[in-house]
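The structure appears below as structure tokens.
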Amino acid sequence: MSCAIVLYEQDARSAQRVKACSAAAWEHAVRPGMPLAEAQTLLEPGAAPIQKTEVRPCFARHDVGRDREALVELAEWCEQFSPLVGLDPGDEPDTLLLEVGGLAHLFGGEAALAQAVVTACGQQGLTVHVAIADTIDAAWGFARWSQGLSDGMRSEPGSMAVIPPGDVAERDRLPVDVLRLPVRTTEQLYRLGVRRIGQLHRLPRASLAARFGGSLLERLDKLTGAIAEPLVAHHAREPLSVCRTFEHPTTHHGAIEHVLGELLVQLSHRLLEQRQGVLRLTCQLVCQNRQPLQIDLSLFRPTSAPQHLLALAKLQLALLTLPDAVEEIRIRAVTTAPCEQRQGELFGDAPREHPAQLALLIERLSNRLGRERVVCGELQAESQAELAYRYRPLAGDSASLRTPALPPLPGPLLRPLCLFEPPQSIDVVGIALDGPPAMFYYQRRRYRVARCFGPERIETGWWRGESSRRDYYRVETDSGDRWWLFRRLQDQRWFLQGVFE
């Protein structure tokens, strides 16, 4: 069963609409811009009789910041096709622009170049629209509407179009949306019956300027190439890395630590120049005739202090056994973030969001035990208890810097802080078959229920596949223990979900 991924956003009217969707969701008629509720209905099992295969829907809120970060990484990767790669100049760019003039012959022609991009992206698990045209706006438009020019629909995922130079007829078939005008202007053009670029060209330019302003003519001239629109190249940041080769390979830990300290000082200077601190850092020890040994450092807060980084590296060096003499040391900053500088307090220690002592403890534990073993719980918008949280590493992740603090929970806790994963099966004795528990057995012990609160019905969403329907009870035993039990309605079995401490 394939997964249909749908990203949604909230518009100015607080309505949730689809921002983007995967190919599996596209096959089930999900389109960007439609209401989220409509997309959920389309992906419901058995909703459409023409479905070829069942899909498992997955809905997530669109994160603009992470989307841009991923697009920047993709831009750097696409430099294998062109030395000039830029991002779509917009508030939320979703397109990469490549200057391929004079490069097509290296790939066997423009069609072969476009196919190479589609194939390479497909190997990375990406489904893309690719178009090659005379101007930026024309390529942008054909990538979206090349297959749907007759009906105004967008191109299918994975489409490819190569427009010959000077093909005015094909360009005139593009919709006016390609001009990327304000929404109000585009709606006015549609109300006037002007839907294609060719229809705009047949209207007097003076009338267009008087009715819609000069921006429409400017965008139209950029589309046709009458006004040059330069491609602003995205230049990848120079990788923050340093290395040192030993004149004579050595196995002496003191010499290795000394060189490591000098390299960290060099890296620290470069970090300070960019006002950055490191969150994740890798150190490779290249041994003679052996695979390099790698040390991964993860930090809770960005830092550029070489002494602190060296102290963390020594924790892992002490656990390493060198298979052979070390001939080279390489250090690279994998993840960086702006380094925050705070003025110290004159009197006393003011409370901070992340105390330095806590950060030091987290970093030492993460680098000694492993990054994935020092985690924090993060709430998720799920009703099912097992899915209502996830664990995230505290060190080496910039998300810990921007996650807002949760407000205090009002009133008594209705959910236990200690949950069993998976829920523990128990035997329950009740007065009625579908009534509350009167007594239950857990780990060969009998617990008599003194007070019971419930039931609370919790059901999972249909988009998760097989539904889960449960009746939850908060019970207090005669010994004072408080437990969270549920009865699974599908088979009337009882489980222990958690304990109130």
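Odds and ends about this structure:
- Count of the stretch 323-343 residues which are open to solvent by less than 40 Å² (accessible area, probe 1.4 Å) and in a loop (DSSP other than H, G, I, E, B): 2
- Any strands (runs of 3 or more DSSP E) falling wholly within the stretch 196-315 and containing at least 2 residues that are open to solvent by 50 Å² or more (accessible area, probe 1.4 Å) and touching a residue at least 60 places away in the same chain (Cβ under 8 Å): 241-250, 293-303
- Matching option when the condition is aliphatic (A, V, I, L, M) and either crowded, with 19+ Cβ neighbours inside 10 Å or more than 22 Å from Val18 (Cα to Cα) (or both), among Ala131, Ala37, Ala60, Ala70: Ala131
- For the stretch 171-192, the tally of residues that are touching a helix residue (DSSP H, G or I) at 6+ places or on another chain (Cβ under 8 Å) and either in a helix (DSSP H, G or I) or open to solvent by less than 40 Å² (accessible area, probe 1.4 Å) (or both) stands at 14.
- Candidates Val259, Val242: the one that is within 31 Å of the chain's Cα centre (by Cα) and modelled with pLDDT of 90 or more is Val242.
- Taking residues in the stretch 121-144 that are over 22 Å from Leu223 (Cβ atoms), and partners anywhere that are surrounded by fewer than 17 Cβ atoms within 10 Å (Cβ to Cβ), the pairs with Cβ atoms closer than 6 Å and at least 6 places apart or on different chains are Thr127/Ala23; Thr127/Pro157; Thr127/Gly158.
- Residue within the stretch 472-482 that is touching a Leu at 6+ places or on another chain (Cβ under 9 Å) and either modelled with pLDDT under 90 or not in a strand (DSSP E or B) (or both) present: no
- Boolean, Glu79 is at pLDDT 90 or above, surrounded by 13 or more Cβ atoms within 10 Å (Cβ to Cβ) and either touching a Cys at 6+ places or on another chain (Cβ under 9 Å) or of a type outside the set (Phe, Trp, Tyr) (or both): no
- Residues that are farther than 22 Å from Ser159 by Cβ number at least 2 in the following strands (runs of 3 or more DSSP E) confined to the stretch 15-124: 16-21, 55-61.
- Counted residues, the stretch 442-488 - those being over 19 Å from Leu414 (Cα atoms) and open to solvent by less than 30 Å² (accessible area, probe 1.4 Å): 4
- Subset of the stretch 393-438 (residues that are modelled with pLDDT under 60 and part of a strand (DSSP E or B)): none
- Top-ranked residue in the stretch 114-128 [being over 29 Å from Gly198 (Cβ atoms) and aliphatic (A, V, I, L, M); ranked as most open to solvent (accessible area, probe 1.4 Å)]: Leu126
- The lone exception for Met160 - which of (1) out of contact with any strand residue (DSSP E or B) (no Cβ under 6 Å at 6 or more places or on another chain); (2) open to solvent by 30 Å² or more (accessible area, probe 1.4 Å); (3) at pLDDT below 85 it fails: (1)
The values are calculated or read from the model by the stated rules, or taken from the named source; none is laboratory data. Since the model is a prediction, treat every value here as computed from it, not as a measurement. Every residue, glycine as well, gets a Cβ built from its backbone with ideal geometry; the counts of neighbours run over all protein chains shown. All accessible areas refer to the heavy atoms of the entire protein, side chains included, with ligands and DNA or RNA removed. Shrake-Rupley method; radii C 1.70, N 1.55, O 1.52, S 1.80 Å.
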